[in-house]
Structure formats: C-alpha cells, structure tokens
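Laboratory data are not the source of any read-out in this text; all were calculated from the coordinates shown. Remember, it's a predicted structure, so these values are computed and weren't measured experimentally. Reconstructed Cβ throughout: ideal geometry from the backbone, glycine too, with neighbour counts over all protein chains shown.
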Amino acid sequence: MEKEYFAHETAVIDEGCTIGKGTKIWHFSHIMAGAEIGEKCNIGQNVVVSPGVKLGQNVKVQNNVSIYSGVICDDDVFLGPSMVFTNVINPRSEIVRKDSYMTTIVEKGASIGANATIICGIIIGRYAFIGAGAVVTKDVKPYSLVVGNPARHTGWMSEFGHKLIFDEKGFAICPESGERYRLEHGNVSKII
C-alpha cells in the first residue's frame, strides 16, 4: 500500500505511528511509535514527535520543535520555531519519572510563538496567542494574548490573529475578517 503522506528521505518514521493523508514531514524529523498525526499537517525540519502525542488536522510545526509525550494539539494549531513543551514538572536525571508525564492540551486554532516555553499540565484555549519567548506556567483562556516571563495576559486576539479592541459595551470587530466578538465576565466569544 502506498503511503498517503510525504516524508523527506532523512526523516525517521517508526513503525506503529499514524500519519494522516496529505501530511508533510521534512528533513531530519523523527516520528516515534505511538504518535498520531492528523491530515494535512506540516512537520518542519528537526522535529521530534514522541509516543502518545496527538496532533489534529492542519497542525503546523515549525523547525526545531520537540513535542513530548503528554501533548495533545487540536486542529489548526501553530507551533513556532524552537518553541518548547515540557512533560514532567520536576525532572531529575537520576530519577525516572516516565509514569509522571503530565497532559498539556493546545486547543483548536491556538498559536505558540518562536522560542516560547510551555510548562506541562496546562490548557491553552482556542485561538489563544502565545507571544515569542513567553514562558507559560498556567492555563490560557480562549482568544487570550499572553507575553513575557512568566507569561501574562495583555489582550485578546481574533481567529485571524489580530488584536481586538473592545468598545465600552464589550464588542470588537476583527479588522481582517469583519467577525464580531464579545468580552463578557473576563471571557471572549465570537458572535455567530
């Protein structure tokens, strides 16, 4: 049976992983046994996808990203160059903690900027936007923009990746899509 994805000749694809149709895997990347990658993903150069990792459809993983066991990314997630996931809260070289991996969830449409670090055991909400170099230590609300070390909330983002400016009634419009958003009780939702 012919494979339905592309893998560069230098990529290592272990037996026992699942790779969706139309996915592309580039130079020197390693997809380990037990990893699940959805359709139409793009796995950049020098990426490691560990056992048990789940990537939804259309996930973009830029160069030099290691996605460790315990990470789950929903559809349309963007992982920027050299960003870092962790999977153990208190690692020590001499103590084996493979049974202590924590689950980190990145929900649909979220973007994580270059060189950001994501501490394990958190949820990054739908369409959240993590700035380059941020160190995220706690859950991030949907549509939230967080930056810095430690990461702090500094605004809200549209699904098209534009900062939202809310009026006195709590409404904002994305300048690119024209979609409307509402800020209510510290949470943002798209008006359908």
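Within the stretch 15-52, the residues that satisfy the criterion of being among the charged types (D, E, K, R) and either in contact with a strand residue (DSSP E or B) (Cβ under 7 Å, 6 or more places away or on another chain) or part of a strand (DSSP E or B) (or both) are Lys24, Glu36. Considering the conditions (1) in contact (Cβ under 8 Å) with a residue 40 or more places away in the chain; (2) at positive phi, Ser144 is excluded by exactly one of them, (2). Under the condition of being within 17 Å of Ile124 (Cβ to Cβ) and either part of a loop (DSSP other than H, G, I, E, B) or more than 22 Å from the chain's Cα centre (by Cα) (or both), the residues counted in the stretch 76-95 number 7. In the set Gly113, Gly121, Gly109, only one residue is in contact (Cβ under 8 Å) with a residue 40 or more places away in the chain and under 23 Å from Asp139 (Cβ atoms); that residue is Gly109. Residues in the stretch 65-75 that are part of a loop (DSSP other than H, G, I, E, B) and surrounded by fewer than 19 Cβ atoms within 10 Å (Cβ to Cβ): how many? The qualifying residues number 1. Within the stretch 120-147, the residues that satisfy the criterion of being under 20 Å from Ile89 (Cα atoms), surrounded by fewer than 24 Cβ atoms within 10 Å (Cβ to Cβ) and small (Gly, Ala, Ser) are Gly121, Gly133. Run Thr23 past the list (1) of a type in the set (S, T, N, Q); (2) more than 18 Å from the chain's Cα centre (by Cα); (3) buried (at least 17 other Cβ atoms within 10 Å of the Cβ) and report the number of the one that doesn't hold. The one condition Thr23 does not meet is (2). Among the residues of the stretch 160-185, those identified as in a loop (DSSP other than H, G, I, E, B) and either touching a residue at least 40 places away in the same chain (Cβ under 8 Å) or hydroxyl-bearing (Ser, Thr, Tyr) (or both) are Gly161, Ser177.
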